[in-house]
Amino acid sequence: MRTMDIVNASENPSEMISILIADDHKLIRETWTYILGRDARFQVVGSCSNSEEAVRMTGEKHPNVVLMDINMAPFSGIEATRQIREVSPETRIIGVTMHSQPAYAKKMLQFGASGYVTKNSSREEMVTAILEVSKGNKFVCDEIKELLSEGTDDSDSVSAINTLTEREMDVINLIRQGSSSKDISAKLEISIKTVEVHRHNILKKLKLKNAASLIHFMNNSASLI
């Protein structure tokens, strides 16, 4: 079934909640387009596979809600959230990720998201999240709430992450994707020397010794994007 066929399911499109889906996995984009398109309360107005396009499409379409995957390229979904809040302040953003650590949610909300759900969340919980944030409310899925109540967050790591600049987070995101300093230099349009300075500052702020420990921290820490 084509997306347009699904989108036109409602007889009152002006009353529908418009949604943009940003995720780097095609199957996830198509699945949520299909699921949400079958609900007369929603209208999926577009989908995209990278963060740059998510910002551009939001600025053009001004959807009510953006479902934003955190692990995006060329910059993170967290940075995309910050940029979307600038180009379309009325748009509500829900962070969607495989990461169930509370620090990810805190960082996403800090950068302007209104909601946060993990990919373990049910369809019903996602629908509730969309309805709540479209009303101007905040929404955090039950999985994260339970972890927060158990006190599983690492406050020291969160404090360290909060000292990182936006550019340093861009560098971290590219390192996480396997980019070399030369690749990062080209993608961010900065010198290799500047990239190395950022890498040094990141290690210093996170109190890590080398690139290997940084990669380990990124893979296991609750706080990194």
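Laboratory data are not the source of any read-out in this text; all were calculated from the coordinates shown. Everything quoted here is computed from the prediction, not taken from an experiment. A quick note on method: Cβ atoms are made from the backbone with ideal geometry, for glycine too, and the neighbour counts reach across all protein chains shown.
Just a few scattered comments:
- Among the listed pairs 26/107; 182/205; 187/207; 138/187, those beyond 31 Å (Cα-Cα): 138/187
- Efficiency of FRET between residue 128 and residue 183 - r from beta-carbon atoms, R0 41 angstrom, step 0.05: 0.55
- Computed label-point distance, nm, for sites residue 197 and residue 120 using a 7 Å Cα→Cβ extension: 4.2 nm
- Only the Cβ atoms of Lys and Arg (+1) and of Asp and Glu (-1) were treated as charged; on that basis the dipole of the range 23-117 about its Cα centre amounts to roughly 260 debye.
- In this rough spin-label picture, where each label sits 7 Å from Cα along the Cβ direction, the residue 137-residue 163 distance is 3.8 nm.
- If R0 equals 41 Å, the separation of the Cβ atoms of residue 98 and residue 41 corresponds to a calculated FRET efficiency of about 0.95.
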